[in-house]
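To start, the structure under review is shown below, and the notes come after it.
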Amino acid sequence: MASYDVIIIGSGPGGYVCAIRCAQLGLKTACVEGRETLGGTCLNVGCIPSKALLHATHMLHETQDNFEAMGLMGASPKVDWEKMLAYKTDVIGQNTKGIEFLFKKNKVDWLKGWGSIPEPGKVRVGEETHEAKNIVIATGSEVATLKGVEIDEKTVVSSTGALELKSIPKKLAVIGGGVIGLEMGSVYARLGAEVTVLEFLDHITPGMDAEVQKTFQRILKKQGLSFIMGAAVQSVEVMKTKAKVTYKLRKDDSEATLDADTVLVATGRRPYTDGLGLAELGVEMTERGQVKTDAHWATSVKGIYAIGDCISGPMLAHKAEDEGMAVAETLAGQKGHVNYGVIPGVVYTHPEVAAVGKTEEELKNEGRAYKVGKFSFMGNGRAKANFAADGFVKLLADKDTDRILGAHIIGPMAGDLIHEICVAMEFGAAAEDVARTCHAHPTYSEAVREAALACGDGPIHS
Ligand code: NAI
């Protein structure tokens, strides 16, 4: 039995970042992880592997679409699916080993196995029980299953199975037009699959700015994805090697079916806290199965904290990381803080979609006076040169004070461009502050400045 200042259960982006920061702040730290490798869902079966496949298939798409237009003739790479998967696996390995290295460097002990909390101040891992002054639950989330749909990870897959299909499907049905459905749908569409997205609502990516949703769907359609909107999936029947998806159209309650070789279920995730013993400990939970926490990530049981996907808020790796750092600071006697008003969200399709702060719909609902500064990438020289002019930057600012309230970008490198606005918002900047900042030419980020100019006297290039 060892004794620690902090034991963190789970080594995803929330847990491993928390562990490293705790150790850096002088706390004796251990992190419990039952997987063979560190990094949780994100590194092993989520963010990182999906980005490898998105990158590889985007490269393929470039050779097919834009190479000849640039005078690059005769490039027609053939897809070696096994090799592409091996590349993805290698990327995972590099990242998970990287965390292992960082643990060693920072003297974080990796307690291998699945953890539980037999009583406050104690963490059991396998046969051993360790003492901890503080415990941080960072156990993340799992795929939320759909009634009438059984995931076998072969024909009917979750995002995990979608990262290692035996072969590229001819027909892929995607249930759910959210982030996972559209990212993985894009991957297989670029690999030649006929992709149909079935979405319950009348728009994709719920919660996103409506104008971006519309443009995003139009671009995806142009890329070959089909959409059945307002479709509530009822069941999936697996025949020998195929599957039949039955759905009801919400507008008239009519029932229809769709055949596919593979079905991807991407209808959300739910908090994962199985086996921790939280009920026995009396840890309060929300109605949605999340661990209830206060403003300092403390649960209802003294000395037990929780962060990331298993508590409330967006299920995003970087939100979990920020909470992990803030809890570490709190446990080290500092003042940990997360600004939930400035957490960016990114969809890594091509083009990328990124957002931070309020949407126009939210501002309308709040009855706030706001102004919109919008700039199309068509007016951006760099985007035109790079065949990346589809999309726009939309900045929302307070009508009276000019303070930036939100930004929504669909276009090249949107996931990177958004951070200029994140920093601006953290500093309480006005759109004019961004507009008066010199932006290098020619860069995509000039489009952000032009959107800021559009909040004032107007953009130059439109
Ligand atoms: P999601 O919540 O983003 O989207 C699920 C979609 O499924 C919604 O549009 C919903 O209306 C639809 N849906 C639900 N039930 C349905 C039914 N019966 N029939 C048809 N459609 C139905 O969930 P998703 O895409 O599974 O992602 C899970 C979590 O992982 C999210 O919180 C997401 O933020 C996170 N994630 C984030 C990524 C990123 O930041 N790039 C990448 C992947 C996941």
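The values are calculated or read from the model by the stated rules, or taken from the named source; none is laboratory data. Model, not experiment: these values are computed from the prediction. As a convention, Cβ positions derive from the backbone with ideal geometry for all residues, glycine included, and neighbour counts pool all protein chains shown. Accessible surface is based on the protein model in full, side chains and every heavy atom, while ligands, DNA and RNA are left aside. Shrake-Rupley method; radii C 1.70, N 1.55, O 1.52, S 1.80 Å.
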**Asked** Put +1 on the Cβ of each Lys and Arg and -1 on the Cβ of each Asp and Glu in region 1-103; which of 15, 56, 72 then has its Cα farthest toward the positive end of the dipole?
**Response** 15
**Message:** Report the gain in length on full extension from residue 83 to residue 150: 0.36 nm times residue separation, minus Cα-Cα distance, nm rounded to one decimal.
**Reply:** 21.2 nm
**Complete:** Counting only residues 5 or more apart in sequence or on a different chain, those whose built amide H sits under 5 Å from that of residue 156 are 263
**Fill in**
Cys residues of the chain with no disulfide-compatible partner (no other Cys Cβ under 4.7 Å) are 18, 22, 31, 310, 422, 438, 455
**Request:** Using +1 at the Cβ of each Lys and Arg and -1 at the Cβ of each Asp and Glu in the chain, identify which of 173, 331, 249 lies farthest towards the dipole's positive end.
**Result:** 173
**Request:** For region 1-128, would you read off the P(r) tail past 27 Å as a percentage of all alpha carbon pairs?
**Result:** 38
**Message:** How far apart, in nanometres, would the label points at residue 419 and residue 438 be if each is projected 7 angstrom from Cα along the Cα-to-Cβ direction?
**Reply:** 2.2
**For region 192-244 versus region 282-329, the gap between their alpha-carbon centres in whole angstrom** = 32
**Fill in**
The size of the Cβ-based charge dipole (Lys, Arg +1; Asp, Glu -1) of region 356-406 about the Cα centre, to the nearest 20 debye, is 200
**Asked** When you count, for each residue, the other Cβ atoms within 10 Å and take the mean per peptide, how do 241-254, 96-109 rank with the highest first?
**Response** 96-109, 241-254
**Message:** Between residue 400 and residue 55, what's the calculated FRET efficiency when r is the beta-carbon distance and R0 is 41 Å? Round to 0.05.
**Reply:** 0.40
**Fill in**
Note to self, the chain gives a 222 nm [θ] from helices alone (DSSP H runs n ≥ 4, -39500 (n - 2.57) apiece, / all residues, nearest 500) of -9500 deg cm²/dmol
**Asked** How far is it, in nm, from the label point at residue 201 to the one at residue 105 when both lie 7 Å from their Cα along the line to the Cβ?
**Response** 4.0
**Item:** Accessible surface, region 344-453, averaged per residue in Å² (probe 1.4 Å)
**Value:** 42
**Item:** For the chain: rounded, prolate or oblate by the Cα gyration tensor [a/c cutoff 1.5]
**Value:** oblate
**Request:** Check cross-link reach from residue 154 to the lysines: straight Cα distance under 27 Å, and skip same-chain residues fewer than eight apart.
**Result:** 51, 78, 83, 88, 166, 170, 171, 221, 240, 242, 244, 248
**Request:** Only Lys, Arg, Asp and Glu count, each charged at its Cβ (+1, +1, -1, -1), so figure out the dipole size of region 220-266 about its Cα centre, rounded to 20 debye.
**Result:** 200
**Message:** Within 10 Å, Cβ to Cβ, of residue 238, how many net charges do the neighbouring residues add up to if Lys/Arg are +1 and Asp/Glu are -1?
**Reply:** +1
**Prompt:** Taking region 379-462, which chymotrypsin sites (Phe, Trp or Tyr not before Pro) meet the DSSP loop condition and have no more than 12 other C-beta atoms within 10 Å?
**Reply:** 427
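Give me the dipole magnitude in Debye, nearest 20, for the chain about the Cα centre, with unit charges on the beta carbon: positive for Lys and Arg, negative for Asp and Glu.
Rounded to the nearest 20 debye, it is 440 debye.
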